[in-house]
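Following: one structure in structure tokens, then a few remarks.
The values are calculated or read from the model by the stated rules, or taken from the named source; none is laboratory data. Everything quoted here is computed from the prediction, not taken from an experiment. We place every Cβ from the backbone using ideal geometry, glycine too, and count neighbours over all the protein chains shown. Calculation scope for accessible area: heavy atoms of the full protein, side chains included, ligands and nucleic acids excluded. Shrake-Rupley method; radii C 1.70, N 1.55, O 1.52, S 1.80 Å.
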Amino acid sequence: MNRKPKLSFDPKVFLSKTNGGQAVSDYRKDQIVFRQGDASDAVFYIQSGKVKKTVVSEQGKEAVVALLETGDFFGEACLAGEMLRLSTVSALTKSVIARISKAAITRTIHEEPAFAELFISHLLARNGRVEEDLVDQLFNSSEKRLARTLLLLANFGKEGRPEPIIAKVSQETLAEMIGTTRSRVSFFMNKFRKLGLIDYNGSIEIHSSLLNIVLRDQPKIRD
């Protein structure tokens, strides 16, 4: 029996075919894509670059809740009925980002099975990442949380070897991401460098040996 060919989908091809439903823009470093409280009426796709997602509490405390990169979607909560943005997204590096209207992406999900499959895979992967982040916050020390964040920023575990972090991610941003102080981040960054786990001089280069910090005394999570 012949197997059905695997569905394939190129998001860039999709963007080129979404007549009137999308717009591609260049963003400079630190430029805002949308702000917390803005109308939630579109999904965004990162063609190149990196962005950070931040949330500000009623008390004015800001936290970085996610870093996203080339190939990621964001703003998809509008498809689940979100009326106003619950976070602010800004460019961490020079980026090229496509804005896809809610109507255009909803239509494509219904008409393009390949895209629907890709998009569902994205949502599942994002959900898995949120669960991993929660476990990280609940069980791991700030040292381990920093090591894991650096490995994620360096695309560790994806195809190819870890790459230098081109973006100059500030220690303040790293501290907000892992829920600690800048001084603690500075302490651990210096420790990692002295141990030969990272190198940094403008950009940060991550060595795979940093994974040993994450795996050290790793708690066993049972279903």
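The table for this structure:
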item	result
Approximate spin-label separation residue 111-residue 132, in nm, with each point projected 7 Å along Cα-to-Cβ	3.5
Charge context of residue 101, other residues only, Cβ under 11 angstrom, K/R +1, D/E -1	+2
Calculated FRET value between residue 41 and residue 61, using beta carbons and R₀ = 22 Å, to 0.05	0.20
Rounded to whole Hz, the Karplus (6.51, -1.76, 1.60) HN-Hα couplings of segment 100-114, x for glycine and proline	10, 4, 4, 5, 5, 6, 5, 4, 5, 4, 7, 9, 10, x, 5
Positive minus negative residues near residue 126 (Lys, Arg vs Asp, Glu; Cβ under 14 Å)	-4
With every protein chain in place, segment 22-109: carbon and sulfur % of accessible area (1.4 Å)	52
Derived scalar couplings ³J(HN,Hα) [segment 144-154; Karplus, 6.51 cos²θ - 1.76 cosθ + 1.60; whole Hz; x for Gly, Pro]	5, 5, 5, 4, 5, 4, 5, 5, 5, 5, 8
